[in-house]
1. Order by neighbour count: His159, His589, fewest other Cβ atoms within 10 Å first, most last.
2. Considering only DSSP beta bridges whose two residues both sit in the chain, what percent are antiparallel, to the nearest 5?
3. What is the dipole size for region 342-451, taken about its Cα centre, with +1 at each Lys and Arg Cβ and -1 at each Asp and Glu Cβ, in debye to the nearest 20?
4. Determine the sum of side-chain charges near Pro275: Lys and Arg each +1, Asp and Glu each -1, restricted to other residues whose C-beta is under 9 angstrom from that of Pro275.
5. Have a look at Pro369, Ile517, Ile418 and report the one farthest towards the positive end of the charge dipole of the chain, computed about the Cα centre with Cβ charges (Lys/Arg +1, Asp/Glu -1).
6. So what is the 222 nm mean residue ellipticity for the chain from helices alone, if each DSSP H run of at least 4 adds -39500 (n - 2.57) and you divide by all residues, rounding to the nearest 500 deg cm²/dmol?
7. Based on other C-beta atoms within 10 Å, arrange Thr602, Thr160, Thr300, Thr54 from fewest to most.
8. For Asp495 and Phe552, what does the FRET efficiency come to when R0 = 25 Å and r is the distance between their Cβ atoms, rounded to the nearest 0.05?
Amino acid sequence: MAYSGLRSFIHELEENDELHRINVFANPDQEITEITDRVLKSGGKALLFENNGTRFPILINSFGSDKKMALALSRKNPYDAGNEIEKLFSSLSESAGGLLKKLSSIPELFKLSSLFPEKIKGKAPCQDIIERDPDLGKLPVLKCWPHDGGPFITLPMVHTIHPETGSSNVGMYRMQVLDRSTTGMHWQRHKTGANHFEAWKKTKLKMPVSVALGGDPVYTYAATAPLPENINEYILAGFLRRRKVKLVKCITNNLYVPADADFIIEGFVDPSEDPVWEGPFGDHTGFYSLADWYPKFHVTCITHRKDAVYPATIVGIPPQEDSFLAKATERIFLAPVKMALLPEIIDFHMPDAGTAHNLVIVKIRKSYPGQGMKVISSLFGAGQMMFSKYIVVVSGEIDIRNYPAVAGHVFENFNGHIDIMLTRGPLDVLDHSSDRFSFGGKMGIDATIKHPEEISMETGKRSKDENLKITLPDVTVTNSSLIDKGIPAMIFSVDTKEDPGIIEIAKRLLKNRPESIIKLMLCVDHKVNIDDLFMVAWQVLANSDPLRDHSFVEPACLLIDGTIKAYRKGGFPRKWPNVVCSDEAIISHVDSRWHSFGFNYTAESPSLNYRRLLREGNDEVVL
């Protein structure tokens with residue numbers, strides 16, 4: 001079904017026992033974040049905060065599980081949408097050839113074209129109330145984390161057009177509220193909104209911008225989807241909701257927005273105006289993204305439905321709601337990637353610990369030597385995959401979401417000398433590990449089952465029945481549990497402030513070991529709980545530049561340094577951010593009120609597990 005605003009979606013959540021209403025006061029300043037973080041990470045329901053100091057309820061955690069994500073996409077399973085898109089692509093691709101095949105594709109094309117967005121005349125529900133003297137302070141905008149630069153609108157659908165081509169874009173860029181009528185506009189250099197902004201600079205005219213909030217939740221998903229530039233997001237939304245999106249003209253500019261949205265914030269960005277200092281912000285990487293200069297958005301009008309609900313989300317240490325949006329993307333965009341780019345791809349997966357871009361696992365149907373490396377090369381240059389730091393390619397009968405199985409498969413088919421591809425390229429601007437902003441190292445690992453032509457005489461492969469138990473020198477904290485499970489990997493931690501020689505420590509750990517037992521060593525900071533494999537993976541993937549931070553301790557043993565680089569000799573050329581956690585006062589406050597929010601279970605603050613990672617002076621975002 002297609003939803004007609006958030007109230008319609010809320011009704012569906014409630015019908016499926018996926019909504020929890022909170023009618024006692026909850027503060028948008030950090031308290032709602034702490035409550036939501038506990039509920040999401042314990043697998044809880046969507047939350048409707050009906051008493052938050054404004055007239056508008058807040059809906060949050062509405063995408064925070066597979067079931068809720070399926071409801072948002074109006075399906076029984078979030079994978080169903082991907083299956084439908086794959087069927088459509090298959091039908092269209094089969095039309096190449098004779099006349100009969102081409103004619104057979106017409107019904108599918110007609111069905112798709114009937115779902116294109118439609119512009120309507122007159123006023124729409126999103127314009128029930130028109131406030132020409134706008135005040136953003138009337139909205140329950142969240143300040144999520146202690147060191148955020150202020151309150152942020154976290155689920156904005158930002159509408160822009162190119163001044164020359166007229167092509168439209170809907171992107172999701174966080175917006176820091178600066179005062180009653182201005183915000184920052186955090187469109188990053190690689191985003192379409194930023195490209196439109198650069199084009200508007202040449203015109204010397206003000207750039208119209210309108211921001212939609214709410215409406216059918218599928219609009220929110222479409223705004224996050226990695227669509228090619230100049231592909232209208234509302235075409236995807238229409239396909240997913242099985243009904244065209246109706247768009248209405250804004251009151252104070254010529255942009256068109258969803259008629260059934262809950263809020264529309266209209267305004268402009270003046271390219272001739274100096275940028276504004278925006279941030280910090282506790283981001284989806286689990287670290288604060290640092291403050292920087294971004295354009296200022298001026299609000300000219302706010303319109304909303306009579307029964308408007310304010311949508312919000314939080315990001316931070318994964319998993320969060322964006323993890324489930326990413327899972328939907330994996331399935332929905334599998335068919336386009338296969339059909340348009342790499343037909344040998346069977347599946348791909350972005351683990352939560354990799355926060356989208358840091359790790360991608362790809363499964364292929366392999367038919368010739370070198371195919372794994374070919375896929376790695378292609379993906380490092382493909383759309384938003386270009387931001388990936390680590391890409392691992394596998395083949396054969398392997399479930400790429402079963403991490404122990406993946407690890408076993410990788411080490412059975414991986415030789416560090418010949419199966420690694422190292423390169424440099426663009427990185428997400430939120431990546432803090434590289435010496436240079438938004439540019440750094442990348443690593444591809446070909447762990448496909450090898451053809452005879454790819455096998456070296458010195459692969460160093462271990463025997464499956466080889467005893468992997470070893471005695472480790474008592475030089476640092478180590479975790480050899482993976483070795484005990486037959487996985488040739490070791491984790492160790494060091495205090496980088498003491499300036500240890502990480503490579504020398506690794507060599508000492510390998511001393512007196514049987515040959516070729518360990519293929520991978522991961523080094524993390526001493527505050528990391530090395531028995532928590534999720535924490536280890538998240539820290540290593542976030543804190544390493546694959547090109548700079550890899551080395552071979554022994555011919556067959558790859559070492560990756562996942563420690564904080566702020567303490568290295570000579571310092572680090574950029575500021576190193578702290579991890580994102582609630583402060584102790586907020587944690588205690590929510591503890592004391594927990595049952596008043598109507599919960600019949602206890603949920604510990606996830607921040608308690610991660611506050612150990614905060615560096616000295618934890619009131620500071622950076623060193």
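1. Exposure proxy ranking, most exposed first: His589, His159.
2. Details: 64 of 95 bridges.
So the antiparallel bridges in the chain amount to around 65 percent.
3. On the way: 10 positive and 11 negative charges, 55 e Å.
Here the size comes out at about 260 debye.
4. Working: positive: Lys296; negative: Glu273, Asp274, Glu278, Asp292.
Charge balance in the 9 Å sphere: -3.
5. Of the options given, the answer is Pro369.
6. It comes out at -7500 deg cm²/dmol, rounded to the nearest 500.
7. Details: Thr602 10, Thr160 28, Thr300 18, Thr54 15.
Ranked by crowding around the Cβ, least crowded first: Thr602, Thr54, Thr300, Thr160.
8. Numbers: r = 24 Å, r/R0 = 0.96.
E(calc), rounded to 0.05, equals 0.55.
A short reminder: the numbers here are calculations on the coordinates, not readings from a lab. Everything numeric here is computed off the predicted structure, so don't read it as measured data. Here the Cβ is made from the backbone with ideal geometry for all residues, glycine too, and neighbour counts use every protein chain on show.
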